[in-house]
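A short worksheet on the structure shown next.
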Amino acid sequence: MTAFQAEGLVKRFGKTTALAGIDLSARQGSVLGVLGPNGAGKTTAVRILATLLSTDAGHATVAGFDVVRQAAQVRRAIGLTGQYASVDEDLTGRENIVLIARLLDLRSGEAKTRAAELLADFGLEEAADRKAKTYSGGMRRRLDLAASLVGRPDVIFLDEPTTGLDPAKRDDVWSIVRRLVGDGVTVLLTTQYLEEADALADDISVIDHGRVIAHGTPAELKHVVGGQTVLARPADPARTEQAAAILSRVAGRPADSPGRGVVSVPVEGDDAFTEIVTRLSAAGIAVTELSLHLPSLDEVFRTLTGREAA
């Protein structure tokens with residue numbers, strides 16, 4: 001079942017075309033990662049799907065409702081978290097959640113019960129009655145996510161939700177996203193952190209200049225760049241050149257050095273990896289690292305857009 005679908009979305013701001021006919025869709029209980037450089041149109045697409053912007057052309061449905069003709073039903077079916085936490089800093093964490101619940105027509109007792117549930121789920125119980133302005137950035141982000149879930153949405157839009165967070169806080173958000181999907185929620189995740197998309201997304205759409213230029217699973221997109229790569233790190237750095245020569249002979253192309261004491265080479269298939277292992281062993285070259293892997297999403301991003309990821 002499709003949780004949301006956009007077809008041919010076009011949006012212009014004066015002479016600037018933010019969206020030039022994009023298609024986006026995700027099946028229920030999955031994560032669609034939307035990648036693209038700044039200004040590519042990611043946030044514009046989210047705002048249209050969340051009924052915050054009208055579209056100049058195209059059509060979109062969310063949870064089975066038309067985003068134009070049935071905007072009120074769409075809003076009741078979704079949650080939205082923007083790039084920056086939008087909590088009221090002069091209210092406590094509990095008051096923020098209760099306020100949202102009351103705006104969603106929950107009765108006073110129901111609102112307080114729902115707030116207690118979410119504060120517990122997001123590890124904010126101890127800080128529940130402190131003003132939000134005393135929260136750390138990671139705590140505000142968790143409170144913002146909790147607020148977006150008050151209405152138990154079927155679909156949640158996360159627009160660069162980990163911007164500005166340190167790696168540990170980013171991991172907390174990732175855990176929350178995984179839990180949501182486990183509960184059957186569908187997530188649209190825009191991000192410039194490619195490892196985030198790799199870790200969370202079932203499918204990825206890459207947007208550039210208002211168009212979808214690639215779509216597929218992370219593994220499928222990695223095949224856009226090419227085959228696999230063997231990487232080796234000899235235990236004895238003095239034998240790095242010997243290891244490079246072995247990799248080059250097996251692969252039939254020069255080995256590269258992506259880092260100090262490390263050599264790598266593109267290969268056509270798994271057989272080359274097996275032969276490299278055998279030859280390194282025969283030469284008595286011990287390794288502390290030896291891997292066969294697909295290209296990274298960073299390489300995919302550079303190949304597709306011609307730019308570095310942020």
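The values are calculated or read from the model by the stated rules, or taken from the named source; none is laboratory data. Please read all numbers here as calculations on a predicted model, not as lab measurements. Cβ coordinates were reconstructed from backbone atoms using ideal geometry, including for glycine residues, and neighbour counts include every protein chain displayed. Just the protein is used for accessible areas: all its heavy atoms, side chains included, with ligands, DNA and RNA removed. Shrake-Rupley method; radii C 1.70, N 1.55, O 1.52, S 1.80 Å.
Below, the figures for the structure above:
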| quantity | calculated |
| --- | --- |
| Candidate residues Met1, Met139: accessible-area rank, largest first, probe 1.4 Å | Met1, Met139 |
| Taking segment 196-310 and dividing mean pair separation by its residue count, relative contact order in percent (alpha carbons under 8 Å, at least six apart) | 31 percent |
| Accessible surface, per residue, of the chain when the full set of protein chains is kept, probe 1.4 Å, Å² | 48 Å² |
| Nearest-20 debye value, segment 203-252 charge dipole, Cβ charges on Lys, Arg, Asp, Glu | 140 debye |
| Cα shape, segment 166-234, gyration tensor, a/c 1.5 rule | oblate |
| Length-normalised contact order for the chain - Cα pairs under 8 Å, 6+ apart - percent | 20 percent |
| Farthest toward positive dipole pole in the chain [+1 Lys/Arg, -1 Asp/Glu at C-beta], among Ala197, Pro254, Ser86 | Ser86 |
| Val10 versus Tyr84: modelled label distance in nm, points set 7 Å from Cα along the beta carbon direction | 3.3 nm |
| Extended-chain gain in nm, criterion 0.36 nm per residue less alpha-carbon gap, Ile213 and Asp66 | 50.4 nm |
| Förster radius 45 Å - calculated FRET efficiency between Thr134 and Arg249 (Cβ-Cβ, nearest 0.05) | 0.10 |
| R0 of 25 Å, Cβ-Cβ distance Thr303-Asp270: FRET efficiency to nearest 0.05 | 0.65 |
| Computed log₁₀ I(q)/I(0) - Debye formula, equal Cα scatterers, no solvent, the chain, q 0.11, 0.12 Å⁻¹ | -0.77, -0.86 |
| Percent antiparallel among DSSP beta bridges (both partners in the chain, rounded to 5) | 65 percent |
| Average Cα contact separation per residue, segment 1-110, under 8 Å, 6 or more apart, as relative contact order % | 23 percent |
| Heavy-atom accessible area order for Asp90, Asp202, largest first, 1.4 Å probe | Asp90, Asp202 |
| Calculated diffusion of segment 220-310, Stokes-Einstein form, Kirkwood radius summed over Cα pairs, 37 °C and 0.692 mPa s, µm²/s | 241 µm²/s |
| Solvent accessible area, Å² - Arg302, 1.4 Å probe, full protein context | 90 Å² |
| In nm, spacing of pseudo-spin labels at Ser281 and Asp202 (7 Å Cα→C-beta vector) | 4.0 nm |
| Relative frequency of Cα-Cα separations exceeding 27 Å in segment 69-190, percent | 11 percent |
| By accessible area with a 1.4 Å probe, ligands and nucleic acids excluded, highest first: order of Tyr193, Tyr135, Tyr84 | Tyr84, Tyr193, Tyr135 |
| Hydrodynamic radius (Kirkwood) for segment 78-141, which is based on Cα pairs only, to one decimal in Å | 11.9 Å |
